[in-house]
Structures are given as C-alpha cells and as structure tokens.
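**Q** Structure in structure tokens, see below.
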Amino acid sequence: MVSMPEPPQRLFASDNASGIHPQYLEAIAGANATHELAYGVDRFTQSGTNAFCALADADVDVLFTFGGTGSNILALAILLERAESVLCTEWSHIAVDETGAPERILGVKLQTVVSPDGKLQPAQIVSAVNVLGSIHHTQPGVVSISQPTELGTLYSIAEIQAICQTAHQYGMRVHVDGARIANAVAAMGATRDVFQKMTFAAGVDALSFGGTKNAMLNAEAVLVAPQYRGRRAQYLHKQVTQLPSKMRYTAAQFVRALDDDLWISTATAANTAAQTLFRKTKEFKSLQIDMPAVNSLFPIMHNPAKAKLQEWSFFWDWDINRHQVRWMTSWDTSPADIDAFVGGVATVLAE
Ligand SMILES: Cc1ncc(COP(=O)(O)O)c(C=O)c1O
C-alpha cells in the first residue's frame, strides 16, 4: 500500500471550515472600544444598514443574524402568510439541511420539486399554483431558490427575473438563499451592478446574505425589499431567535466587507482556487469533474479511494447514489493546499 503525502494545511470540506479574515477580526476589535446599546441601537448597525442599502441601491430592511439557517427562517417568516407553502428544489438547504427548522418554527409546508441541476424552473411554479384557491391545499406563497445552488450551479440574471415574474404573477413572493451570494457575484462579473441585477432589481423580495462562509465570524443578514418593509420584520427577528444582542460585532464586519468590497475579493479568491483545483484534477478522468461555476467541485469517487482520501483530508459525500462527493475551496485556500490535495488524490487513484 502506497503511503499518503502530507495532507493540506487547510480543508476542502467546506468554506465553513475556513478561518476568519484578519480584517474582520480587526473590525470586531474596532467595535470593542466602547459600550453601545444592544439589539441594533448602535452606530455600527446604522452604518451597516446604510452600507447594505447602498449596495442594494434600494431602501431595504436590513436584519443582522447569527446563521444561515436562521436567516432563511426569518426571511420566510417575513414573506409568508398563514396556510401558505414554500416551493423549493429537492436540493434546497431549507428542505434538506435545516433539520426541519422551517417546518417546526414556521409550521410551513415545503413543497420540493425535482431538479437535476439544483435550479428551479418557472414552469414548476406554474404547475404548483394549480391548487391556488382550493381549501384542501396549502397555498403556494413563496418560491425559495439558492444562488448559487447547492450543486454549485448559477441562475443567470434573466432566469431570476423569469422566476420573479412568474411567481409575482400568481401573488407569490421570492426568497433567495444567498448563503454564498458573494461567490455568485464574483463568478458573474464581480460588481455591485451584478448583485443589484440578480437580486432586488430582478424582483427578489427577500435575500439571505451570507458572510460566514465568506471569511466572516458568524455574520449573516436578511435584506428585505422595500415593498415588504413594515411586515413586522423587527418582531419576527426576535421571535425566531435571530436578533443578536451585541449586534455591533456582526454589523462591524459587514461595514468592513462593504467598505471596499472585500466580500467580493474573498469570494473571488475562493472561486479562483476552485478553478485551479479543477485544472489540476481534470486529468483524472474517473472523477468526471465539471468545471466549477463557483467554489465547489462535485467529483465521482468510489471506495476504497474515497474513504482513504476522506480519512486523510476530510470532505463530504454529496449524492451518495451517484458516488458523488463535494470538494470546496475557501477564501484562504493556498496554492500549496491545492498541490497537497492533488497529491493525495493522485495517490489514492493510483492504488
Ligand atoms: C445553501 C446554504 N444555505 C444556508 C446555509 C446555512 O447554514 P448555517 O445555518 O449552517 O449557517 C448553508 C450552509 O451550509 C448553505 O450551504
């Protein structure tokens, strides 16, 4: 049996495994000099809110939160009416990876649709709404999509516009799970203009804006479109347990992120690392890797090679039925990490 080389210093398991960017640690330290009132009545939260409105080019409601799951719950709580359901794909984080939190906390039905590429199609909205008006069915109220999707694919701006247009036509609202929205923006032009076009200008009603996977410390936010302001969002923020008392530390990180768009640079670095990993592993044909759109690759790996590689440097199984795994890069993945990981891949595949 061939022995494995030294494993990479950083993991390819998830961008959640990465460290915090020093600039965010500095921003937290910078918010630490004084006392500030809690629950968002502080100057950092005010600056962060203003910065998000400038980014969105809209007078959005900004609700800073602890986590991505909580952001999704809060966004859905704001958009949903009673007896409504949420339409999402079979891959959506809200349906698969939130331990039933939407069902338990919101008492909502999630209606999942089949999606080989992780994307929801406008035609699936049209099929779902044929129960509108029937008292025997939950009423389709919100369409929730992820950008990028859980399979690392991206909706084009036109596709998001089409989803919003179709949903709105039937009185439905649109939520975007943007746990990795930065990676989508980085991949689609890396500008604020792209962010605006794929979100509120396209007709999105609420966005979960992720920071944690993009180098921040437990920092997320929900942005709500101006037309849904006043939907008692501030009460729901607390009620679904996502109101941080020391909100200034979350807000201060976003102030830093949005100041010079560090959030886009770190996501660009993660995406670029994924491209490099792809270039260096595509020659291993058995992996059947597609070019990554963002910072995740989804190779096919069989045991015993897969198990050996996972034991050496852990990564997650993705679609077990297809023997598909996920490798994910982060803002701080280095060329040396990539080379080390590729060395490990080559070793297990050679056996
Ligand atoms: C697409 C997506 N949405 C939301 C989340 C929220 O995650 P958490 O609650 O772990 O912060 C994740 C985390 O993996 C995710 O991948």
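The values are calculated or read from the model by the stated rules, or taken from the named source; none is laboratory data. Nothing here was measured: the structure is a model prediction, and the numbers come from that model. Cβ placement follows ideal geometry from the backbone for every residue including glycine, while neighbour counts extend to all protein chains displayed. Please note that ligands, DNA and RNA were not included when accessible areas were found on the heavy atoms of the full protein model with its side chains. Shrake-Rupley method; radii C 1.70, N 1.55, O 1.52, S 1.80 Å.
**Q** Within the stretch 296-340, count every residue that is buried (at least 18 other Cβ atoms within 10 Å of the Cβ), charged (D, E, K, R) and not in a helix (DSSP H, G or I).
**A** Final tally of qualifying residues: 2.
**Q** Applying the selection to the stretch 268-278, what residues are more than 12 Å from residue 335 (Cα to Cα) and open to solvent by 40 Å² or more (accessible area, probe 1.4 Å)?
**A** Taking the stretch 268-278 and keeping what is more than 12 Å from residue 335 (Cα to Cα), we get 268, 271, 278.
Residue satisfying the conditions is 268 alone.
**Q** Which count do you get for residues in the stretch 71-80 that are in a helix (DSSP H, G or I) and open to solvent by 10 Å² or more (accessible area, probe 1.4 Å)?
**A** Residues of the stretch 71-80 that are in a helix (DSSP H, G or I), as a first pass: 71-79.
Retained after the next criterion (residues that are open to solvent by 10 Å² or more (accessible area, probe 1.4 Å)): 77.
Total meeting the criteria: 1.
**Q** While we're on this one: With the condition kept exactly as written, say whether any residue in the stretch 7-20 is in contact (Cβ under 8 Å) with a residue 60 or more places away in the chain, open to solvent by 60 Å² or more (accessible area, probe 1.4 Å), more than 16 Å from the ligand (Cβ to nearest atom) and outside the structural domain of residue 235 (by TED's automatic domain parsing).
**A** yes
**Q** A follow-up question, please. Just one of 149, 138, 166 is within 16 Å of residue 198 (Cβ to Cβ) and in contact (Cβ under 8 Å) with a residue 40 or more places away in the chain; which is it?
**A** Numbers: 138 fails: within 16 Å of residue 198 (Cβ to Cβ); 166 fails: within 16 Å of residue 198 (Cβ to Cβ).
Just a single option satisfies the conditions, and that option is 149.
**Q** Continuing with the same structure: Please work out which residue is most open to solvent (accessible area, probe 1.4 Å), limiting yourself to the stretch 205-217 and to residues that are within 8 Å of the ligand (Cβ to nearest atom) and in a helix (DSSP H, G or I). Before you say what the answer is, go through the steps one by one.
**A** Keep residues of the stretch 205-217 that are within 8 Å of the ligand (Cβ to nearest atom), which gives 208, 210, 212-213.
Checking the rest, the ones that are also in a helix (DSSP H, G or I) come to 212-213.
Details: 212: 29, 213: 45 Å².
Step by step, filter the stretch 205-217, then rank; the result is 213.
**Q** I need the full set of residues from the stretch 66-79 which are touching a residue at least 60 places away in the same chain (Cβ under 8 Å) and near the ligand (Cβ under 9 Å from one of its atoms), in order please.
**A** Answer for the stretch 66-79, where residues must be touching a residue at least 60 places away in the same chain (Cβ under 8 Å) and near the ligand (Cβ under 9 Å from one of its atoms): 66, 67, 68, 70, 71, 72.
**Q** State which residue is farthest from residue 262 (Cα to Cα) when the search covers only the stretch 47-61 and only residues that are surrounded by fewer than 19 Cβ atoms within 10 Å (Cβ to Cβ) and in contact (Cβ under 8 Å) with a residue 60 or more places away in the chain. It would help to see each step written out before you state the result.
**A** Restricting attention to the stretch 47-61, the residues satisfying the condition of being surrounded by fewer than 19 Cβ atoms within 10 Å (Cβ to Cβ) are 47, 50-51, 53-54, 57-59.
From what's left, in contact (Cβ under 8 Å) with a residue 60 or more places away in the chain: 47, 51, 54, 57-59.
Values: 47: 16, 51: 13, 54: 15, 57: 18, 58: 21, 59: 22 Å.
Ranking the qualifying residues of the stretch 47-61, first place goes to 59.
**Q** Does residue 220 fit the bill of being crowded, with 18+ Cβ neighbours inside 10 Å, within 30 Å of residue 25 (Cα to Cα) and of a type in the set (D, E, K, R)?
**A** Values: crowded, with 18+ Cβ neighbours inside 10 Å: yes; within 30 Å of residue 25 (Cα to Cα): yes; of a type in the set (D, E, K, R): yes.
When the stated conditions are applied, residue 220 passes them.
**Q** Applying the selection to the stretch 119-174, what residues are among the β-branched types (Val, Ile, Thr) and closer than 18 Å to residue 92 by Cα?
**A** 125, 142, 143, 145, 149, 153, 160, 163, 174
**Q** Residues that are within 12 Å of the ligand (Cβ to nearest atom) and surrounded by 17 or more Cβ atoms within 10 Å (Cβ to Cβ): find the strands (runs of 3 or more DSSP E) completely inside the stretch 88-186 holding 3 or more of those.
**A** Working: elements: 109-113, 139-146, 173-178.
The strands (runs of 3 or more DSSP E) meeting that bar are 139-146, 173-178.
**Q** In this structure, does residue 222 turn out to be of a type in the set (Val, Ile, Thr), within 16 Å of the ligand (Cβ to nearest atom), closer than 18 Å to residue 72 by Cβ and assigned by TED's automatic domain parsing to the domain that holds residue 162?
**A** Details: of a type in the set (Val, Ile, Thr): yes; within 16 Å of the ligand (Cβ to nearest atom): yes; closer than 18 Å to residue 72 by Cβ: yes; assigned by TED's automatic domain parsing to the domain that holds residue 162: yes.
Criteria met by residue 222.
**Q** Collect the residues in the stretch 223-255 that are among the charged types (D, E, K, R) and either part of a loop (DSSP other than H, G, I, E, B) or surrounded by 24 or more Cβ atoms within 10 Å (Cβ to Cβ) (or both), keeping them in residue-number order.
**A** Narrowing the stretch 223-255 to residues among the charged types (D, E, K, R): 229, 231-232, 238, 246, 248.
Hits for the stretch 223-255 are 229, 231, 232, 246, 248.
**Q** Being free of Cβ contacts under 8 Å to residues at least 24 places away in the same chain and not aromatic (Phe, Trp, Tyr) is the filter here; which residues of the stretch 266-286 pass it? Write out each step before concluding.
**A** Initial filter on the stretch 266-286 (free of Cβ contacts under 8 Å to residues at least 24 places away in the same chain): 272, 275, 278-279, 282-283, 285.
Listed by number, the residues that qualify are 272, 275, 279, 282, 283, 285.
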